[in-house]
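First the structure, in the form of C-alpha cells, and then the observations on it.
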Amino acid sequence: MLDDLGELLKPLARDSNPFQAGEVPRGTTFVEPRLVCEVEFTEWTSRTGQLRHPSFKGLREDKDSTEVVREYPT
C-alpha cells in the first residue's frame with residue numbers, strides 16, 4: 001500500500017512549502033491536497049492543533065478534497 005500511495009502522491013508534489021511558520025524536516029515533500037484519507041486519532045493537541053496518535057486507515061475515493069473540513073467533538 002505504501003508503494004501505491006507513493007505513486008499516487010508523486011505527480012502531486014510541489015516545489016514550495018505551503019506553510020509559513022516552523023522549520024521543515026530535511027527530505028520533506030509537500031503535495032497538492034487532492035487525495036482524501038481516513039485517519040483515526042486520539043485527539044487534537046490544544047496548543048498546536050496537531051493530531052495525537054494518528055493512524056492511517058486508507059484512502060477515501062468517495063469524497064472530494066473540497067468536501068473535507070476539520071471535525072469538532074459534539
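The values are calculated or read from the model by the stated rules, or taken from the named source; none is laboratory data. Because the structure is predicted, anything quoted here is derived from the model rather than measured. Cβ atoms come from the backbone with ideal geometry, glycine included; neighbour counts cover every protein chain shown. Heavy atoms of the whole protein, side chains included, go into the accessibility calculation; ligands, DNA and RNA do not. Shrake-Rupley method; radii C 1.70, N 1.55, O 1.52, S 1.80 Å.
Note on P(r) over Cα pairs in 5 Å bins from 0, in percent: of the candidates (1) 3, 16, 25, 24, 18, 10, 3, 1; (2) 3, 11, 17, 24, 26, 14, 4, 0; (3) 3, 17, 31, 26, 14, 6, 2, 0, the value calculated from this structure sits at (2). Free of any chymotrypsin sites (Phe, Trp or Tyr not before Pro) that DSSP assigns to a loop and that have at most 16 other C-beta atoms within 10 Å, the longest stretch within the chain is 42-74. Using a probe radius of 1.4 angstrom, the carbon and sulfur fraction of the accessible surface of the chain is 50%.
Accessible-area rank, largest first, for Lys57, Lys10: Lys10, Lys57, with all protein chains present and a 1.4 angstrom probe.
Computed over neighbours whose Cβ is under 14 Å from that of Leu51, the net charge equals 0, Lys and Arg +1, Asp and Glu -1. Electrostatic tally near Thr66: other residues with Cβ closer than 15 Å to its Cβ, Lys and Arg +1, Asp and Glu -1, net -1.
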